[in-house]
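What follows is calculated from the coordinates using simple rules that are stated; it is not laboratory data. The structure displayed is predicted, hence computed values, not measured ones. For neighbour counting, all protein chains shown are included, and Cβ atoms are generated from backbone atoms with ideal geometry for every residue, glycine included.
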Amino acid sequence: MSVTVVGAGVIGLTSAIRLREAGFDAHIVAAELPTETVASSVAGAVWYPRGSSARSRQAGWGRVSLGVFAEAAETGRPGVAIRDMIELRQQAGPDPWWANPDRGFRRCEPADLRGGYQHGFIQATAVIDVVPHLEYLTDQFDETGGTITVERVTSLADLATPDRLVVNCTGIGATELTGDPELVPIRGQVVRLGGVSIPRVTIVDEGPLAYGYVMPHGSECVVGGTRTVGEWDRTPDDSVTEQLIEKAIILEPALADAEIVAVKVGLRPGRDSVRLELEAVAGTPGIIHNYGHGGNGWSLSWGCAAEVVGIAETMSE
Ligand SMILES: Cc1cc2nc3c(=O)[nH]c(=O)nc-3n(C[C@H](O)[C@H](O)[C@H](O)COP(=O)(O)OP(=O)(O)OC[C@H]3O[C@@H](n4cnc5c(N)ncnc54)[C@H](O)[C@@H]3O)c2cc1C
């Protein structure tokens, strides 16, 4: 059975790679190439699936994805590394569901704390420098014989034929294609700083700095972040750039010597939960929807791709 994957961000690429590995004749159609996508090419990015519990579907996708990224880091694949991540908190709270002593989970010592935070935890995680890693995934897909056609799709149902399955990985683009009222853009601005080597990731999501992060990639690092729900405008805001750098210097004082390399704005495909399911289309294998990953798309990508393959195999039986 042939498969058309619509979308070439991390969700489309990982789905298409796994489909080809499983023997499907899968190709991608996308309005933007991987390194120009509105979410995947802008992210920090770190493996950190927010908002899930240990037994959720999302946690399962997250575990699979971390395993793939960890192996990619161990085997020297471009743009992925394993680093310590520290999350600073105001209250001690319970351990997160993903706490894992094998990945070095521990509570912060006083020497780890900064920015007025009293608690926190540390664990090694996958950190992805998205542009080189998207280039690597594109090459991986290409090596399996897959092709990417640059084209804007106006109807998913029109792409489905009796022997062609469609997989919808269009991120925030799914608003137009599906009319899904639950899907909303969550604008995020990041600043890429250069010239300073920072050893570990730091994240805060509450307290004095509200929301901020530092995600290092070699001698550069991505600092954020902002979350503006319902905002489509991708023009960077200079005052936000200044605020992000101020916060980052509180978290990592060495960044006071860094230089701005780039400022980017992306649109996370926000939804209460990921839509990963088959939609029936009469006379065809149907449409598998795989969108709405919000701020977790990198963290869930490989697990969702495995589930897409499982659904596709059921349809081809
Ligand atoms: C600032 C920021 C920081 C983030 N940090 C993290 C992080 O640390 N960890 C993490 O796990 N996640 C993070 N995320 C979230 C993550 O980047 C997204 O969840 C993920 O990239 C979504 O991938 P996607 O492939 O669904 O969408 P996209 O990357 O947006 O790709 C969508 C694809 O669909 C195509 N498309 C859309 N409409 C059409 C159409 N009509 N016809 C044809 N093609 C179409 C586009 O051209 C594109 O190729 C962050 C996101 C942002 C913006």
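Figures for the structure shown
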| item | result |
| --- | --- |
| Sorted peptide list for 174-180, 13-19, 268-274, criterion being average Cβ within 10 angstrom, highest first | 13-19, 268-274, 174-180 |
| Alpha-carbon gyration tensor eigenvalues x 5, square-rooted, for the range 149-201, Å | 36, 16, 10 |
| Sites Thr75 and Ser239 - FRET efficiency at Förster radius 30 Å, r taken between beta-carbons, to 0.05 | 0.10 |
| Relative compactness, the range 2-316, computed as alpha-carbon Rg over 2.2 N^0.38 Å | 0.99 |
| Rg(Cα)/(2.2 N^0.38 Å) for the range 184-224, N = residue count | 1.28 |
| Most mobile of Val265, Val184, Val153 in a GNM of the chain (Cα contacts under 10 Å) | Val153 |
| C-alpha long axis of helix 57-74 to longest principal axis of the chain, angle in ° | 70 degrees |
| Where N is the number of residues in the range 118-264, Cα Rg divided by 2.2 N^0.38 Å | 1.31 |
| Of the trypsin sites (Lys or Arg not before Pro) in the range 115-219, those whose Cβ has at most 14 other Cβ within 10 Å and which sit in DSSP loop | Arg152 |
| Over the range 272-312: Kirkwood hydrodynamic radius from C-alpha pairwise inverse distances, Å | 10.9 Å |
| Cα Rg, Dmax (largest Cα-Cα span) when computed across the range 10-61, Å | 13.9, 36 |
| Residue-averaged 222 nm ellipticity for the chain, from DSSP H runs of 4+ at -39500 (n - 2.57), nearest 500 | -8500 deg cm²/dmol |
| Antiparallel DSSP beta bridges within the chain, as percent of all bridges there, nearest 5 | 70 percent |
